[in-house]
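A.B. asks: Following this message is one structure expressed as structure tokens.
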Amino acid sequence: MRSNSLNKILSILFSVFLLFSCSSDLNFDQVNDFKIEPVFVANLAYFDIPANKLVDDGGTNVYPDVRDFDIFKNSFFTDRLKRADFDFEIENNINRAFVVNMLLLDAQNQVLQTISFTVPAYKGTANVIKYPTEVFENARLDLLKKTQKIGFVVIIASGPPLNSQSEGNLKLRSSATAYLVIE
């Protein structure tokens, strides 16, 4: 009985002690200084073109997959984007060299910017090329924010003819890293 009443007294004293804690004035203006800088990484573009689908007509071959790039239709994202980095990797196991041009297009299909990648011919060993990061900041970022579509042009260099029996693939993998500032 005695220990039960002792526990009650100690519980009451402890509760009273908690009521006498230190406090200070709260500064709710600190919320105006709130700033976060999230970073998002996403796939940008990917293609895998078999050699037998590339028509070797001695000219430019346009990869038919022009895609909408509607990320900038969202003003929340557009207004807070401070930088974007694009990373590209191309694997070629076709016995031909290529130039791959990535086109950033506006709503009227006008080219805003072209990013070119020289791809050497396959020589029997691994042919995966990682290209330097394309950084979009300041004026270049403003140009990127006008982009509505992304297209690709594949230019075949001279070499052995490609036909329906040709083997190999040309693969592009890319990612985008977006740096936001939310205040």
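Table: residues versus (1) within 18 Å of the chain's Cα centre (by Cα); (2) within 14 Å of residue 152 (Cα to Cα); (3) of a type in the set (Lys, Arg).
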residue	(1), (2), (3)
74	yes, no, no
86	yes, no, no
108	no, no, no
116	yes, yes, no
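A.B. asks: Can I ask one more? Exactly one condition in (1) touching an Asp or Glu at 6+ places or on another chain (Cβ under 8 Å); (2) open to solvent by less than 70 Å² (accessible area, probe 1.4 Å); (3) assigned to a loop (DSSP other than H, G, I, E, B) is not met by residue 159; state its number.
C.D. replies: (1)
A.B. asks: Further question on the same structure: Take the conditions open to solvent by less than 70 Å² (accessible area, probe 1.4 Å), not in a strand (DSSP E or B) and not aromatic (Phe, Trp, Tyr) and apply them to residue 170. Does it pass?
C.D. replies: On the way: open to solvent by less than 70 Å² (accessible area, probe 1.4 Å): yes; not in a strand (DSSP E or B): no; not aromatic (Phe, Trp, Tyr): yes.
So residue 170 does not fit the description; no.
A.B. asks: Output the residues belonging to segment 69-109 that are part of a loop (DSSP other than H, G, I, E, B), surrounded by fewer than 17 Cβ atoms within 10 Å (Cβ to Cβ) and touching a residue at least 12 places away in the same chain (Cβ under 8 Å).
C.D. replies: Scanning segment 69-109 gives 95, 97, 106, 107, 109.
A.B. asks: In segment 138-156, what residues are open to solvent by less than 20 Å² (accessible area, probe 1.4 Å), over 18 Å from residue 91 (Cβ atoms) and assigned to a strand (DSSP E or B)?
C.D. replies: 150, 151
A.B. asks: Go through segment 110-137 and give me each residue that's among the polar types (S, T, N, Q), open to solvent by 30 Å² or more (accessible area, probe 1.4 Å), touching a strand residue (DSSP E or B) at 6+ places or on another chain (Cβ under 7 Å) and more than 19 Å from residue 41 (Cβ to Cβ). Step through it out loud before you land on a result.
C.D. replies: Narrowing segment 110-137 to residues among the polar types (S, T, N, Q): 110, 113-114, 116, 118, 125, 127, 133.
Among the residues that remain, those that are also open to solvent by 30 Å² or more (accessible area, probe 1.4 Å) are: 110, 113-114, 116, 118, 125, 133.
Next cut, touching a strand residue (DSSP E or B) at 6+ places or on another chain (Cβ under 7 Å) only: 113-114, 116, 118, 133.
113, 114, 116, 118 - these are the residues of segment 110-137 that are among the polar types (S, T, N, Q), open to solvent by 30 Å² or more (accessible area, probe 1.4 Å), touching a strand residue (DSSP E or B) at 6+ places or on another chain (Cβ under 7 Å) and more than 19 Å from residue 41 (Cβ to Cβ).
The values are calculated or read from the model by the stated rules, or taken from the named source; none is laboratory data. From a predicted model like this one, the values you see are computed outputs, not experimental measurements. Ideal geometry is used to build each Cβ from the backbone, glycine not excepted, and the neighbour counts take in all protein chains shown. Note: accessible area is taken over every heavy atom of the protein model, side chains too, but ligands, DNA and RNA are not part of it. Shrake-Rupley method; radii C 1.70, N 1.55, O 1.52, S 1.80 Å.
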